[in-house]
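These notes concern the structure reproduced below.
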Amino acid sequence: MGRPDPEEGQLPAPVKPPDGGWGWIVLLGCFVITGFSYAFPKAVSVYFKELMKDFHVGYSDTAWISSIMLAMLYGTGPVCSIMVNQFGCRPVMLIGGLLASAGMILASFTTNIIELYLTAGVLTGLGMALNFQPSLIMLGTYFDKRRPLANGLAAAGSPVFLSSLSPLGQVLLEKFGWRGGFLIMGGLLLNCCTCGAVMRPLDMGMKRKMGKAQDKYEAKEMLPIGGKSEEGISTTDGTKKGKKAKKKPKKGKKLLDFSIFSNRGFIIYTISKFILVLGLFVPPILLVNYAKDTGVPDTEAAFLLSIIGFIDIFARPACGMVAGLKWVRPHVAYLFSFSMLFNGLTDICSARASNYTGLVIFCVFFGISYGMVGALQFEVLMAIVGSQKFSSAIGLVLLIEAFAVLIGPPSAGRLVDALKNYEVIFYLAGSEVVLSALFLGVASYCCLNQRKKEPVPENNPSAGGGSDTEEAESDVQEAEEHSSDNHQPAHSTDNAVVVANEEANHVAEEQRGEGGGCPAGDGEVLARDGCNADQMVERDSF
């Protein structure tokens, strides 16, 4: 009458995202991780002048610290995906927090710039990468209906932390020097471990629920239930014989799923994102020097970035709320395309700004459009590939973006040195962003029209690896075999099978009623029992 082994008898069925509850704690952790990941490489720039004096190097040499951090954040995407698929999000984030902290602590004891590259650059950058990607994956598993709002709130961590870490770094530099500042910054990065610890997998809640159900039926087993028990036993035996023929071998989990490249929506998104990153980061990098060349004082020129950050803080959550509206969410890809078009036109229109007022207006509109892009970029990717393949998709996308990051801003800097003209650079960057917006919008629209003309194929379970309900039935059979191998009494074994079958049916009903576990393949959505109408419309836009 014992409980089946939790590794073999429990059903690893996907759980419906709670859209709240513990998910808000996960959202808070993702907010902190996003803030550290995007703001930290920029915040360490306050230490560059002291590093130049101590190590007798130039500004370009110290700037490589931030560049290496960002390269590790983007370029190690596939490695993070493999580790998450193999070990889960929580262990990877705990290791990442320790690596990020250790990198800054070791950097405080370095004696040359090369050691700084290896510690603050490589080690800390790798640690932040191992935190950033799993946090987004966990956010996608905890939120479905409120996912656009959750992504917008999490993305707001970047401007909030940027406006906080930079002044904090300046204070630490004045009181403790750059070595003491690095040491304290390393201690702050240990908070990434705390954020990783709260990333509780959803399947743990499912196992607790099944354990309670098993205890309930074991308690009923002790009561005299007469002839109904014999009837239930005979019915269960018949079900057992019928389902053994349907048992399917479970597939091993892929470390990195390259099948997402067969998804046309993913290909369109990846190409547009590569073009976008070529020009997206150029204006804020060159803005301060551009303002100084037009005669703006240094303090007022630096304040322009603060304007962008302040607007960005409110733009990201607001855009997330708009994207979550019922009549907007099915067309979120077009909203993303509009935000990129808005950003690119802002760059082009600001190229001729010749006074401080014009630059302030540019910063306001750039902050709005930049916040919209930041709030929607991962929401669109989740909508295209689904939560099951998101861990592999984001790793591959970040790797491709890494090449654009290493091409775009450095090329713009060289053009400025050669042409001595910022106006051309703003035109070029804005044109790249506009091109990415037009490509995403037009390609998505053409694929949508083509797909509407195609006949809907029949549901082929073998092509998609089997539905979640079939996997649940397969695990039910494993639980039955495990119970029979342990030679448990027939009455106890059959009651355990009743529990497992009822749980499998409950999972299937939830998926049909709530829309959980909707598969996405080749960028198209099939009208299956496990998918609700909202998800069908949302995925069908690709």
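The values are calculated or read from the model by the stated rules, or taken from the named source; none is laboratory data. None of the values given here were measured: they were computed from a predicted structure. Cβ atoms come from the backbone with ideal geometry, glycine included; neighbour counts cover every protein chain shown. Each accessible area value is taken on the protein alone, full model and side chains, heavy atoms only, with ligands, DNA and RNA left out. Shrake-Rupley method; radii C 1.70, N 1.55, O 1.52, S 1.80 Å.
Taking the stretch 87-188 and the helices (runs of 4 or more DSSP H) fully enclosed by it, the elements with 1 or more residues that are within 20 Å of the chain's Cα centre (by Cα) are at 89-107, 124-142, 147-155, 157-188.
Summed over the stretch 431-442, the residues that are farther than 13 Å from D347 by Cα and either open to solvent by less than 20 Å² (accessible area, probe 1.4 Å) or in contact with a Cys (Cβ under 8 Å, 6 or more places away or on another chain) (or both) give a count of 4. Filtering the stretch 345-373 to residues that are touching a residue at least 24 places away in the same chain (Cβ under 8 Å), open to solvent by 10 Å² or more (accessible area, probe 1.4 Å) and closer than 23 Å to G320 by Cβ leaves L345, T346, V364, I368, Y370, M372.
Yes or no: the stretch 347-358 includes at least one residue that is of a type in the set (K, R), more than 26 Å from K145 (Cβ to Cβ) and outside the structural domain of K145 (by the TED database).
Taking the stretch 347-358 first, the residues of a type in the set (K, R) are 352.
When the remaining residues are screened for being more than 26 Å from K145 (Cβ to Cβ), the result is 352.
If we keep only those that are outside the structural domain of K145 (by the TED database) too, we end up with 352.
Checked against the condition, which is being of a type in the set (K, R), more than 26 Å from K145 (Cβ to Cβ) and outside the structural domain of K145 (by the TED database), the stretch 347-358 yields at least one hit.
Take the conditions open to solvent by 60 Å² or more (accessible area, probe 1.4 Å) and modelled with pLDDT under 90 and apply them to L428. Does it pass? No, not satisfied. Going by what's in this entry, would L51 be described as open to solvent by less than 40 Å² (accessible area, probe 1.4 Å), closer than 30 Å to V160 by Cβ and at pLDDT below 90? Yes.
Considering each of I260, I313, I267, I285 in turn, give the residue that is outside any loop (DSSP other than H, G, I, E, B) and surrounded by 21 or more Cβ atoms within 10 Å (Cβ to Cβ).
Numbers: I313 fails: surrounded by 21 or more Cβ atoms within 10 Å (Cβ to Cβ); I267 fails: surrounded by 21 or more Cβ atoms within 10 Å (Cβ to Cβ); I285 fails: surrounded by 21 or more Cβ atoms within 10 Å (Cβ to Cβ).
Of I260, I313, I267, I285, the one residue that is outside any loop (DSSP other than H, G, I, E, B) and surrounded by 21 or more Cβ atoms within 10 Å (Cβ to Cβ) is I260.
When the stretch 93-129 is filtered for residues that are within 15 Å of V198 (Cα to Cα) and buried (at least 24 other Cβ atoms within 10 Å of the Cβ), the ones remaining, listed by number, are M93, G96, G97. Would you be able to say whether some residue in the stretch 389-405 is outside any helix (DSSP H, G or I), out of contact with any Leu (no Cβ under 8 Å at 6 or more places or on another chain) and open to solvent by less than 50 Å² (accessible area, probe 1.4 Å)? Taking every residue of the stretch 389-405 in turn, none turns out to be outside any helix (DSSP H, G or I), out of contact with any Leu (no Cβ under 8 Å at 6 or more places or on another chain) and open to solvent by less than 50 Å² (accessible area, probe 1.4 Å).
For the stretch 288-310, the candidate set comprises residues that are among the hydroxyl-bearing types (S, T, Y) and assigned to a helix (DSSP H, G or I); within that set, the residue that is nearest to A156 (Cα to Cα) is S306.
Just one of P167, P201 is free of Cβ contacts under 8 Å to residues at least 24 places away in the same chain and surrounded by fewer than 19 Cβ atoms within 10 Å (Cβ to Cβ); which is it? Steps first, answer last, please.
Numbers: P201 fails: free of Cβ contacts under 8 Å to residues at least 24 places away in the same chain.
Exactly one of P167, P201 is free of Cβ contacts under 8 Å to residues at least 24 places away in the same chain and surrounded by fewer than 19 Cβ atoms within 10 Å (Cβ to Cβ), namely P167.
With respect to (1) open to solvent by 50 Å² or more (accessible area, probe 1.4 Å); (2) at pLDDT 75 or above; (3) not β-branched (V, I, T), the lone exception for P457 is condition (2).
Right, I275: in contact with a Pro (Cβ under 9 Å, 6 or more places away or on another chain), open to solvent by 20 Å² or more (accessible area, probe 1.4 Å) and either more than 28 Å from L406 (Cα to Cα) or touching a residue at least 12 places away in the same chain (Cβ under 8 Å) (or both) or not? Spelling it out, it is not the case that I275 is in contact with a Pro (Cβ under 9 Å, 6 or more places away or on another chain), open to solvent by 20 Å² or more (accessible area, probe 1.4 Å) and either more than 28 Å from L406 (Cα to Cα) or touching a residue at least 12 places away in the same chain (Cβ under 8 Å) (or both).
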